[in-house]
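Chemist: Attaching a single structure in structure tokens format; questions to follow.
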Amino acid sequence: MKTFKQRLMLVATLMVIAVSGYAQEKVFNPILTTNFDDGNLGNWQVWGNGNNPNDLNQYISIVEPGFDNNGKCLKLTNPNGTDFWHAQLCYEFSEYLEPSKEYTIKFKAKCENGSSQLQFQYQHHEGNTFEPQGGYQDIGITNQWTDIERKVTIANDHKNINRILINFGKYQNTTIYIDDIEFGSYETQDPGTDPGTGTTPGTTPTGSLNNKMYFDGEQWCLMLEDFEGENAVNRVKVEKGTDASATATATVVADPLGKSKKSLNFYGAFRSSTYCYIDVTLPDSKTLSSFTNLKFDVVYNEKGTDNRHKTYHVKIGNTSKELDTSTNLGQFKSDDADTKSWSQQSFSLGDNYKDNNTFRIFINTEYSNSSNLFIDNIRLSVPTPTAGGTCGSPTKTDVNWMLDGNTLYISGTGDIADYENTSDIQWKDYKDNISKIIIGEGITAIGTNNFFEHNGLESVVLPSTLKQIGSKGLDASNGNTPIQFTFHSNPTMAADALNKNSSIATLVLDDALSPFFEATSENTFNGGIQYKRTLSAEKSTITLPFTPKSGSANCKFYKLSSASENNLTFEEVSKTNLVAGNPYIMVKTEGSNEIDFSTDESTIIPANAKASDTTSGPWTMHGTYSTIEKGSGDNAYGFTGNYLRKNTGTMTVKPFRAYFTTPSTTAKDYLDVIFGGEVTGIERNEFSPEGITEIFSLDGKKHDCLQKGMNIVKMNNGSIKKIVIK
């Protein structure tokens, strides 16, 4: 096995967390791309079964044609089938991969003999060390080119992973072709406005808003699983049964049609005893008897070779039982699932488990060697509602309303229409019976008089996309009982938009979900403001539009106090002296990673509220309430992992965070960050000792190069630094 150049890792012990982009949409950001069209392996290495490296050309070659009969591809031959790792294709990075981060590998693959398997893994390599390693995933391939996409999350205690491998040594005399390899991660971007095509809902509800009822273009539905969110893959299980040849996997991947939304990918060899399942608990004590059909959207990228390869079964059952064939809801064939657009499957629930509040959805196939099925938006359709219709502006059908008992749901994209004449309000005949209103994500404005004098209201939930409320739009009262309004944005409101004497308005800011609109009106949230965040690293930035009263016990806060060309110095700020709008570094000290900032005091957000900046010398720390992008020419710095790094592309900054800029173009890619006068190191994966004139160990001995452990270094500008090498 070829030994790669040993790398030094310099660890900065006190630097700060990532400002990755806020978004509901993500785009793939590759850090590695290889298509072999130039006839070279590049930095890829191959070895296998103890063969002499000089003879490897008989087991590896670059041949024509590649994928889709274009260019070239990599040809691999395994002579002695024993175990996956006995023949390996490997790429070694110059930087360590980030612990706890989800990466994705994509490539095209096929084999000469019917079917075979590959295995993906990651690994640390340094000298003769090959630990830790992990992320093992078996990948089934056939004699047809297949698009492979697999996600892997580096374990949080694997801090020195610098290799990825595609292992192909398990099956003897197997010839495999690989092309178009990409490795990287899906990074958040600004939300897109294109709702997509086919029957896939363009704007789906967000569970964090407790708002899952929506109109899917045909019926009102309760969303069960849209596969968005960081933990979607953990909610799907695979049972492979007793057939050892079953290689089925169920992973959450990007929409195969390129809409940048997530979907569930069933892939590999299925057998009759193999199935995927999702456990469901219905909200509000509902049971299956409250619904009529199970529905989901589907696209199929490969068709089987005969009918038994094409038929999928959908079943439901008790969450404590194995697959019960008697609860078959129905079946669909891959011929019915288009390869170029999403289509819809619908199954009548009948009397199966009708009284259950919890149940399990099973999906399996009779038999398949080449399944590649994508499923999205699993939902339950409701019976014909008490009342419903359309209420959008300017296009009515863009927004739909439904009355379900005493709850009014509004779903869609765009504005709710104005009603200058209250007799034109669509739901006027039911307004005194409506106790709760839930307005879905995608709605941008509440029109004039929309809910004027709805005098039985108890609560209203508003979306993060809401930007405007018109005159008397929410002017309602309920006797002496105050109405609970839950805002998830800071909209511009007409002076008489709310009946201020009969409402309690609470602002709930969902991290990485709700941008903070710079409203042209002053808003008072007399019920207080809440903001939650789950810390993905020890350090982060924070900029809040209110002064928190609680939730900061497990953090320390620092403000920028001074700066030089390549050094930022911060001083601690008392938790009781945090100022609304000011940017701070936040360092977790103990306890949970869940940070909950809140105040129950009445808080006024002024008109056109903007976050503040802190300037020190050539550096400015910019607070932001909303998603922004900084171009590579802005000399902007953001955070990745726990490190402050120079922007090399377009940096997307989440709401309620901060970033740094400098007018200088000569500042370093990685910066020293100083807390309380202690100099930390600079984080470099491949360190160039430029600027170092002398190196000493702690006992005063002079050295010609950096040593493992603590180094005291003198720079050519006369400064002294501590550098730690691990």
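The values are calculated or read from the model by the stated rules, or taken from the named source; none is laboratory data. The structure displayed is predicted, hence computed values, not measured ones. Note: ideal-geometry Cβ built from the backbone for every residue, glycine included; neighbour counts use all protein chains shown. Side chains are part of the model used for accessible areas, which takes the heavy atoms of the whole protein and leaves out ligands, DNA and RNA. Shrake-Rupley method; radii C 1.70, N 1.55, O 1.52, S 1.80 Å.
Chemist: Here is a list of conditions, (1) in contact with a Leu (Cβ under 7 Å, 6 or more places away or on another chain); (2) surrounded by fewer than 16 Cβ atoms within 10 Å (Cβ to Cβ); (3) of a type outside the set (Gly, Ala, Ser), and ILE434 meets all of them except one; can you say which number that is?
Modeler: In the conditions (1) in contact with a Leu (Cβ under 7 Å, 6 or more places away or on another chain); (2) surrounded by fewer than 16 Cβ atoms within 10 Å (Cβ to Cβ); (3) of a type outside the set (Gly, Ala, Ser), ILE434 misses (2) alone.
Chemist: List pairs: first in the range 45-66 and closer than 18 Å to LEU118 by Cβ and open to solvent by 40 Å² or more (accessible area, probe 1.4 Å), second in a helix (DSSP H, G or I) and at pLDDT 60 or above, Cβ under 9 Å, 6+ apart or cross-chain?
Modeler: As it stands, the answer is ASN49/HIS86, since those pairs meet every condition given.
Chemist: Residue pairs, Cβ under 7 Å, 6 or more apart or interchain, first in the range 613-631 and hydrophobic (A, V, I, L, M, F, W, C), second buried (at least 20 other Cβ atoms within 10 Å of the Cβ) and not in a strand (DSSP E or B). List them.
Modeler: Close Cβ pairs satisfying both conditions: TRP619/THR662; MET621/PRO583.
Chemist: Can you tell me which of (1) over 38 Å from the mean Cα position of the chain (by Cα); (2) under 21 Å from GLY527 (Cβ atoms); (3) surrounded by fewer than 21 Cβ atoms within 10 Å (Cβ to Cβ) is the one ILE425 doesn't meet?
Modeler: Result: ILE425 passes all but (2).
Chemist: Residue check: is LYS556 under 30 Å from LYS721 (Cα atoms), in contact with a helix residue (DSSP H, G or I) (Cβ under 9 Å, 6 or more places away or on another chain) and among the basic types (Lys, Arg)?
Modeler: So LYS556 fits the description; yes.
Chemist: Still on this structure, please answer the following. Among the residues in the range 565-577, are any open to solvent by 50 Å² or more (accessible area, probe 1.4 Å), without any contact (Cβ under 8 Å) to a residue 60 or more places away in the chain, assigned to a helix (DSSP H, G or I) and polar (S, T, N, Q)? Break it down stepwise before answering.
Modeler: Restricting attention to the range 565-577, the residues satisfying the condition of being open to solvent by 50 Å² or more (accessible area, probe 1.4 Å) are 565, 571-572, 574-577.
Filter once more, keeping what is without any contact (Cβ under 8 Å) to a residue 60 or more places away in the chain: 574-577.
So of that shortlist, the ones also assigned to a helix (DSSP H, G or I) come out as 575-577.
After this cut, where a residue has to be polar (S, T, N, Q) as well, the list is 576-577.
Yes, that holds for at least one residue.
Chemist: Let me ask something else. Suppose we keep only residues that are part of a strand (DSSP E or B) and open to solvent by 40 Å² or more (accessible area, probe 1.4 Å) within the range 681-703. Which one would you say is modelled with the lowest pLDDT?
Modeler: If we take residues in the range 681-703 being part of a strand (DSSP E or B) and open to solvent by 40 Å² or more (accessible area, probe 1.4 Å), then ARG684 is modelled with the lowest pLDDT.
Chemist: Here's a follow-up. May I ask you to say which residue of LEU706, LEU644, LEU671 is surrounded by 14 or more Cβ atoms within 10 Å (Cβ to Cβ), closer than 30 Å to ALA609 by Cβ and at pLDDT below 75?
Modeler: Going through LEU706, LEU644, LEU671 in turn, just one is surrounded by 14 or more Cβ atoms within 10 Å (Cβ to Cβ), closer than 30 Å to ALA609 by Cβ and at pLDDT below 75: LEU671.
Chemist: If I filter the range 152-168 for residues that are farther than 23 Å from TYR186 by Cα and crowded, with 21+ Cβ neighbours inside 10 Å, do I get at least one hit?
Modeler: Within the range 152-168, the subset farther than 23 Å from TYR186 by Cα is 167-168.
Still in the running and crowded, with 21+ Cβ neighbours inside 10 Å: 167-168.
Looking through the range 152-168, at least one residue is farther than 23 Å from TYR186 by Cα and crowded, with 21+ Cβ neighbours inside 10 Å.
Chemist: Restricting to strands (runs of 3 or more DSSP E) lying wholly in the range 400-456: which have 2 or more residues that are touching an Asp or Glu at 6+ places or on another chain (Cβ under 6 Å)?
Modeler: Correct list: 443-446.
Chemist: It is to be established whether one or more residues within the range 352-371 are among the aromatic types (Phe, Trp, Tyr), closer than 24 Å to LYS262 by Cβ, in a strand (DSSP E or B) and open to solvent by 10 Å² or more (accessible area, probe 1.4 Å).
Modeler: No, the range 352-371 has no match at all.
Chemist: Something else: Could you go through the range 372-381 and let me know if any residue there is in contact with a strand residue (DSSP E or B) (Cβ under 9 Å, 6 or more places away or on another chain), touching a residue at least 40 places away in the same chain (Cβ under 8 Å) and either open to solvent by 20 Å² or more (accessible area, probe 1.4 Å) or among the small types (Gly, Ala, Ser) (or both).
Modeler: Yes, there is a match, as at least one residue in the range 372-381 is in contact with a strand residue (DSSP E or B) (Cβ under 9 Å, 6 or more places away or on another chain), touching a residue at least 40 places away in the same chain (Cβ under 8 Å) and either open to solvent by 20 Å² or more (accessible area, probe 1.4 Å) or among the small types (Gly, Ala, Ser) (or both).
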